[in-house]
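Data block below; observations after.
The values are calculated or read from the model by the stated rules, or taken from the named source; none is laboratory data. Since we're looking at a predicted model, the values are computed, not measured. With ideal geometry, Cβ positions are generated from the backbone for all residues, glycine too; neighbour counts draw on all protein chains shown. To get the accessible areas, we keep the full protein, side chains included, count just its heavy atoms, and leave off ligands, DNA and RNA. Shrake-Rupley method; radii C 1.70, N 1.55, O 1.52, S 1.80 Å.
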Amino acid sequence: MLEQQTGIILVAAGTGERLGLGVPKAQALCGGITLLEHALSTCLESGVAVHTCVVVPAGDTVLRDIIDSVTGSHQHRGIVTTVDGGASRPESVRAGLAALPSTISHVLVHDAARALTPVNVFQRVAETLVQGAQAVIPGVEVVDTIKSVSGGQVTGTPSRANLRAIQTPQGFSAGLLRRAHDTPADGHITDDAMLIESLGIPVNVVEGAAEAFKITTPQDLILAESILQRRHP
Ligand code: C5P
């Protein structure tokens, strides 16, 4: 994997407004440590990357100190750097891309908010890239019936069998991801794969994990706490 020159962009520059704690979400505590510590530890433990770039809110020193302490306390190969994020997730990913060296051939983009993502999801995505895929995303089956709605009325019900809830880390060949982010895009961009799809390039889906859910609301934090208690009673 390391021969592939894989890098990870860990985006942690969100405000966390929906969590309502008054601090950036990556600083929220879960099981006594911050979401960023959980996410960065997993990135390093996965062993898939030679370079991990953590994107933090501009001017944030708390998260930078946390990154130094996680980096110092983990046995890992490769280096960890930090860069200031932007006002939107795509801007933060672009800041991470600009900070990765040009020798990086493959990139995994991961949300710090998916703090409990298991190591094996990183490995599955990275292995699929090694096998030659240009774009790989993890997904899980959905339990709800999903409908599209417009003006208060249902406009469609896609078959649930064909739907997946998409997670991170999402893996790409670095050149392709750079090209996708350099191409003007319409609408609200909620993941990197959307940009690849709009270039007409196939995106592979591998199995994600229930525990890779995005911690967004106070209820999510309660669920995350109970998952951690089950992992480490
Ligand atoms: O806002 P959303 O839930 O889509 O955020 C997903 C991830 O993107 C989070 O880990 C968040 O920290 C990150 N993000 C970012 N910069 C932004 C907005 C979100 O790094 N401006």
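When residues in segment 174-203 are screened for being part of a loop (DSSP other than H, G, I, E, B), of a type in the set (A, V, I, L, M) and more than 15 Å from the chain's Cα centre (by Cα), 4 of them pass. Set side by side, the residues Leu36, Leu44 differ, and just one is within 12 Å of the ligand (Cβ to nearest atom) and within 30 Å of His106 (Cα to Cα), which is Leu36. Can you name the residue in segment 1-33 that is within 13 Å of the ligand (Cβ to nearest atom) and polar (S, T, N, Q) and is also least open to solvent (accessible area, probe 1.4 Å) among such residues? The extreme case among them is Gln27. When segment 64-85 is limited to residues that are touching a helix residue (DSSP H, G or I) at 6+ places or on another chain (Cβ under 6 Å) and within 14 Å of the ligand (Cβ to nearest atom), the one that is most open to solvent (accessible area, probe 1.4 Å) turns out to be Thr82. Scanning segment 209-219 for residues that are in a helix (DSSP H, G or I), touching a residue at least 24 places away in the same chain (Cβ under 8 Å) and out of contact with any helix residue (DSSP H, G or I) (no Cβ under 7 Å at 6 or more places or on another chain) turns up just one, Ala210. Selection of segment 159-180 for residues being away from the ligand (no atom under 16 Å from the Cβ), farther than 22 Å from Phe213 by Cα and not polar (S, T, N, Q) yields Ala174, Gly175, Leu176, Arg178, Arg179, Ala180.
Tell me, which residue of segment 113-167 that is assigned to a helix (DSSP H, G or I), in contact with a helix residue (DSSP H, G or I) (Cβ under 8 Å, 6 or more places away or on another chain) and not polar (S, T, N, Q) is nearest to Gly32 (Cα to Cα)? Here the answer is Val119. Among the residues of segment 204-224, which ones are open to solvent by less than 40 Å² (accessible area, probe 1.4 Å), over 13 Å from the mean Cα position of the chain (by Cα) and farther than 21 Å from Cys30 by Cα? Selection gives Val206 alone. Total residues in segment 52-63 satisfying the condition of being of a type in the set (A, V, I, L, M, F, W, C), open to solvent by 20 Å² or more (accessible area, probe 1.4 Å) and not in a helix (DSSP H, G or I): the figure is 1.
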